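To start, the structure itself, in structure tokens.
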Amino acid sequence: MTTVWKRVVLEAHLPHPPERVYPYLADPARWPDFAPAVAFRQRIGDAPAEVGSRWWAVDRIGPFRIRFADVLESIEPVERVVWHSSAPWNSRVEYVCLPERGGTRVHAAYEGDIAGWLALTALLPGFAWRRILLRDFRGLTRLLDAEVG
């Protein structure tokens, strides 16, 4: 099976404190509310979320639906959360939330060995990936703004 390694790092400033931003990044069930490519997330099991907890996942890539599982790899409440996605993404996503200018600076690092036909997406240049992934943070900002207003 063909795989292609890809790493994308980006920074986003959200005008909301980490206490409001972090819970959305730490709970995949909330991702469909603000992340355009996320079609579905459902927790596997009923135990409290902890390292090793899993979620069934479906992402939209153009007209296609990609099925996989997300696993909580690491969690530091209100500061940092790390997710691992199974094949075909074979990826790790780390979100670090830092207080900044009355809001939150999110440092997001996405890296993985993308498999199958999805490996073609790894050929996109870094600026295109960053533009696509920043849509999640614009969506989260709109969602948090609506909660306040």
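Numbers below:
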read-out	value
For the range 71-117, alpha-carbon Rg and Dmax in angstrom	12.9, 43
Positive-end residue of 8, 29, 18, charge dipole of the range 1-56 with Cβ unit charges	8
Stokes-Einstein D for the range 55-133, Kirkwood Rh over Cα pairs, 25 °C, 0.890 mPa s (µm²/s)	176 µm²/s
Helical mean residue ellipticity (222 nm; -39500 (n - 2.57) per DSSP H run of 4+; nearest 500) of the chain	-7000 deg cm²/dmol
Under-5 Å amide H pairs with residue 35, H placed in peptide plane, nonlocal only	none
C-alpha long axis of helix 126-148 to longest principal axis of the chain, angle in °	40 degrees
Debye, to nearest 20: dipole size of the range 3-116, +1 on Lys, Arg Cβ, -1 on Asp, Glu Cβ	380 debye
Theoretical FRET efficiency, 1/(1+(r/R0)^6), r = Cβ-Cβ of residue 107 and residue 46, R0 30 Å, to 0.05	0.40
Alpha-carbon gyration tensor eigenvalues x 5, square-rooted, for the chain, Å	24, 18, 14
Under the Karplus curve 6.51 cos²θ - 1.76 cosθ + 1.60, θ = phi - 60°, whole-Hz ³J(HN,Hα) for the range 37-48, x wherever Gly or Pro sits	7, 8, 8, 6, 9, 9, 5, 9, x, 10, 5, x
For the range 70-76, Karplus couplings with θ = phi - 60° (6.51, -1.76, 1.60), whole Hz, Gly/Pro x	9, 10, 6, 8, 7, 8, 10
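Every number in this text was worked out from the coordinates using simple rules, so none of it is lab data. This structure is a prediction, so every number in the text was calculated from the model and none was measured. Note that we place each Cβ from the backbone using ideal geometry, even for glycine, and neighbour counts take in every protein chain shown.
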